[in-house]
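Below: one structure, written as structure tokens.
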Amino acid sequence: MTYLSWFLIGAMTLAVFVPFHPGLYFPGRDNGVFLYAGWRVLIGEIPYADFWDHKPPLIYFINALGLWLGQGNVWGVWFLELILLFASSYLSFHITKKLFGNLIALGATLTWLIVILPVTIDYEGGNLTEDYALLFQFLCMWCYFKLISRQEVDTKLTTVWFLLLGFSGTACFLLKQTTIDTAISAACLLIFYSLLSSGLKLALRVVLYLFIGIIPLILILLLYFIAYDAWISLVQAFNYNFAYLPGYPLLVRLSLTWAGIGKYQLAPGIYLCTVVIVLSAIVVVLLKIIKIKKGVTYFAWPGPAAGHMVLLATMSFIISFFLISLSGRNYPHYFTSIIPSASILIAYFFYMASAPCRVFLSNPGIIAWFCLFVCLTPLVVFSGGSHRIQYKLRSIAVSRPLAPSLEQLKVMVQAKPVEPTDTILFWGAEAGWNFLLKRRAPTRFVYQYPLWQSNYVTPEMINEFTDSLISQRPLFIVDTHNKAALFLLKDINDTIKGNDSVCPANSNTSAIQYPLMNNWKRFQEWFACNYSLVGSLKNGWEVYGKR
């Protein structure tokens, strides 16, 4: 049975991830930035100082490792992510098997693989921070399980689990700050239990162990950035996360996150977890107040560890939902972080659903399989995950829609006398194209979002951007018509075509409100005098070349 379970989980992980392979998926905005960053790290550039991004640094080194494994090919990154997803699926199954048995563990793991993961991966085809954080979230959960299953806190092995919990939580934070829900929940519960059982002394020892586990990764990265004089750039990039937060109330952000669940057809899995949390609370109340041992206990948990893990999952689920809501955005990949807590809650749902089999049948195996099938069927049929898999499997032989535009741009580059050091600027957020063309950006602002963020950008940043372009003189500047841009090249297209004056007093862009307009005028004047429209790509992007 166990070998069959491993085979099914491995096959399902492969089936879910194969349709999102690089041969079908074009790098998205975030995915493309990470690929570009990994490529530049391998060449020797330093994150934040040589290329700007506001994500924590671990994702860049993971992409660098994947590209190194693939000899510069994106397939190396894809294969590395597949291996890490296998490891996450293994931990999910292993933990839930320890708590609820083989069959329920299989059902819970297959559920999140089918119902939730395809929706979150489909946004950009994988290679996102939340995907890699999954393994470390499950590691936090595994460490917590091992610790609450042990009686003594002084043993050497117990200390190792505390250190690994601190290390895994730090890895989550260094991938994406919003993925630390499991680490926070586990740390808080362990400190609370230690305080209740043995007082302040033991609780402080637990805090010390966790802190020691946190130090190594933080220290290594801090010394790395200090050694390359990039720690100030790191802090400045990190501050962008606060500027990124919206100004509207938290309640509105929470409602937007809840709306995203239905928007991306994540409802079956998420709503199920919510129902389980409520039912778990009701069961606990019944067991405590009514104290009926026969029958009702079949709806509780099979042992103390299961109760602790359900509590951990409940806390993690609530904290994760809160952290996801902070940005006020509900992109589907944000919900990846709820998968570890969802795996436990869904397993507990299957355990409660199979309670009648355990109560009334002496050999409930066949009926349990039937109950699992009944529970899984509506989740699979009505979930967005299964729809994504079906669509991708049908279109797996279809060429990528942006591929003709990329080939067109390659021809335009080859038609000019170019040097290996010649650069291309994509105006917007398309760093993935720089990676695919193996042409670096002429500025560390490989995408220009920070320059359009009014509560973050400074005159020095805009002047740095303009100075970089003037000194590098990129081979092409491509207007990608990014909707998030407050300042678009198309606003001065008429100027370039000779239908308007480029003088600041006559510029038709002055009516548009975007940050530090006066600082942008030097860039406008330089661009209009040195670049002209040389063609359009098949996807509608306009290409400007040096005069």
Put a dot 7 Å past each Cα toward the Cβ at Leu250 and Arg547; how far apart are the dots in nm? 5.5 nm
Violations at 21 Å Cα threshold for listed pairs Lys416/Lys438; Lys410/Lys538; Lys98/Lys146; Lys521/Lys546; Lys410/Lys546; Lys55/Lys410 -> Lys55/Lys410
Once R0 is set to 51 Å, what does the formula 1/(1 + (r/R0)^6) return for the Cβ-Cβ distance between Arg522 and Tyr3, expressed as a FRET efficiency to the nearest 0.05? 0.15
Obtain the nm distance between the two label points defined at Lys538 and Leu200 by a simple spin-label model: each point lies 7 Å from its Cα along the Cα-to-C-beta direction. 7.1 nm
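Taken together, the values in this text are just the output of simple stated rules run on the coordinates, not laboratory data. Since the model is a prediction, treat every value here as computed from it, not as a measurement. No Cβ is skipped: glycine too gets one built from the backbone with ideal geometry, and neighbour counts run over all protein chains shown.
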